[in-house]
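The values are calculated or read from the model by the stated rules, or taken from the named source; none is laboratory data. Values in this document were obtained by computation on a predicted structure and should not be read as measured data. All Cβ positions, even for glycine, are placed from backbone atoms using ideal geometry, and neighbour counts span all protein chains on display. Only protein heavy atoms, including side chains, enter the accessible area calculation; ligands, DNA and RNA are left aside. Shrake-Rupley method; radii C 1.70, N 1.55, O 1.52, S 1.80 Å.
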Protein chains: 2
Amino acid sequence: MTADFSEIRRNEHLPARIASHIGREIAEGRISPGDRLPTEHLLAKTFGVSRSVVREAIAQLRNEGLVETRQGVGAFVLGPQGRGSIRIEQTALRDPETFRSLFQLRMPLEIEAAGLAAIHHDDTDLKKLDDALARMTGAEKWTDQGIVADLAFHRALATATHNEYFLLFIGFIAERISLAINAARAAAILEEIVEATIAEHVAIRDAMVTRDPMLARAAMRSHLIGAAARLELTLDIF
Amino acid sequence: MTADFSEIRRNEHLPARIASHIGREIAEGRISPGDRLPTEHLLAKTFGVSRSVVREAIAQLRNEGLVETRQGVGAFVLGPQGRGSIRIEQTALRDPETFRSLFQLRMPLEIEAAGLAAIHHDDTDLKKLDDALARMTGAEKWTDQGIVADLAFHRALATATHNEYFLLFIGFIAERISLAINAARAAAILEEIVEATIAEHVAIRDAMVTRDPMLARAAMRSHLIGAAARLELTLDIF
DNA sequence: ATTGTAAGGTTGTCTGATAACCCTATATTC
DNA sequence: GAATATAGGGTTATCAGACAACCTTACAAT
């Protein structure tokens, strides 16, 4: 029998749980922009925690731009205006369907990035890419080292677009996906899969240096489709 | 003489000031990734505030992904890796080059979303889309009303993908762009531009209902290219 | 009609205490 | 000798209660 440690899941930070609970209430429209949240005292009593915890939760929501607090008045829900940040809960990616959604989002970004990188990359970008490739090949087995190198490759490619937002978004998404894969993999990963992955990365690299955007896009496209297949994901492809 | 009220600037939230102070220490390299922050007690004594304030400041840094706290051990500075959220400063978009970068990022996302929406949309989605279109057409001039409707259209399309992340990211990006445009326009917008914009949106809508993803993508593509041209942006197109 | 004042409620900050947790060193057991 | 228990001290997490700062409202005073 195999052990099941799933239920020892620790507290995971009390304020964060309360913040995401309230955040969900807002996201799902049970509290509307302009509404006032219950007082901290009341929230504390409702959740059965101390006021410190509630305060920290509200502070988090304030940082995320979801609410605004006015001393002596209360905490108010803000409109979709000015929500200055995007946040993804890592735990949500344990759901296969959610994971698939994020992977689907990643595809057009990476493909476009490959095309832009083909146009805009310079020698420095190419060197970073080759460094990452070397580390990928060098790693005997697909250890953590290899995963870090994979992430570095995609970050390097995004950097080569010379568009800061591609780096920001791809780096963010790729890392979330990488973490989720890393957390989920129970079995060791097969040699041949590693070899296929490396071969695909080399293909992307080679396509990029030709400076043909369509070639680079195609290479990235097959890589992502291949990766999805290895993860047993079925995506909408066209 | 004109009054000068600049110095009455209020407290501006004690924890926020301390958080940004520590954040600056990190940004400017006086504390390196991996280092441990002083203990909360010590920080409280150093800044001359209570531990609650220090805790809230550290909580803010943790939300921003700058530090990680481990109970019983301390608070540690994180590397640029693993920042759990994406944030875009609205002010940055005043720079035309930066604005262009974000618009370029938006393109592949919206195009892919149009394709997915063609496949996955249901009647509810279509209704939302038509509502937005109606509000766009209804607005006599291209007032705020029209801008809101435009945003609603793109959000409705993203919703129709039935992929939560497309909605999250497109909603976020489209809003930033919309705000930036709104802030920049000084002159009134010409009638013909409005008409062209509406016509393009209708084309997207009609392409989507055919359930042909390539058609929907093409429609969205021409819309974005058209919009970019009207903004006098030159994008990399292929 | 305007201004002053008081009351009540809410967030902001302070203080002190206890729980949960981590690390290290030492003792214990085999 | 090596592995395991136990104890101690330090740190963050949470709790509890209090007071300060501030806003709103209502009412009184001018």
ask   = Length gain on complete extension for the stretch residue B:179 to residue B:145, per 0.36 nm per residue less the alpha carbon to alpha carbon distance?
value = 10.9 nm
task = Using a cut-off of 12 Å between beta-carbons, work out the net charge of the residues near residue A:122 (Lys and Arg +1, Asp and Glu -1, residue A:122 not included).
result = +1
query = Taking every residue in B:100-108, how many Cβ atoms of other protein chains lie within 10 Å of its Cβ, on average?
reply = 5
ask   = For chain A, list the DSSP H helices whose alpha carbon atoms reach 27 Å or more along the long axis and whose average Kyte-Doolittle value is 0.0 or above?
value = A:96-120, A:164-184, A:191-209
query = Given a 1.4 Å probe and the protein chains all in place, what does the accessible area of residue A:70 round to, in Å² to the nearest 10?
reply = 110
message = Can you compute the FRET efficiency between residue B:20 and residue A:52 using 1/(1 + (r/R0)^6), with r the Cβ-Cβ distance and R0 = 22 Å? Round to the nearest 0.05.
response = 0.50
ask   = How far is residue A:236 from itself in the other copies, in nm, if each label sits 7 Å out from Cα along the Cα-Cβ line, shortest first?
value = 2.7
inquiry  = Please compute the average number of Cβ atoms from other chains found within 10 Å of each residue's Cβ in peptide B:85-93.
reply    = 4
key: Per residue accessible area of the protein assembly as shown, 1.4 Å probe, in Å²   = 52
message = Could you tell me the calculated FRET efficiency between residue A:235 and residue B:30, based on Cβ-Cβ distance and R0 = 41 angstrom, to the nearest 0.05?
response = 0.35
task = Cross-chain or 8 or more residues apart, Cα under 26 Å: how many lysine pairs in the protein assembly as shown fit that? Count them up, please.
result = 4
note = Share of accessible surface on carbon and sulfur in the stretch B:11-77, whole %, 1.4 Å probe and ligands ignored, is 50
key: Computed [θ] at 222 nm, deg cm²/dmol, chain B (DSSP H ≥ 4; -39,500 (n - 2.57); rounded to nearest 500)   = -21000 deg cm²/dmol
message = For the interface of chains A and B, what total accessible area is buried with a 1.4 Å probe, rounded to the nearest 100 Å²?
response = 4200
Heavy-atom accessible area ranking, 1.4 Å probe, most first, across A:103, B:76 = B:76, A:103
query = How crowded by other chains is A:49-62, given as the mean number of beta carbons from other chains within 10 Å of each beta carbon?
reply = 3
note = Within the set A:132, A:118, A:19, GNM on chain A using Cα springs under 10 Å gives the largest fluctuation to A:19
inquiry  = Can you tell me what percent of all Cα-Cα pairs in the stretch A:90-230 are more than 19 Å apart?
reply    = 48
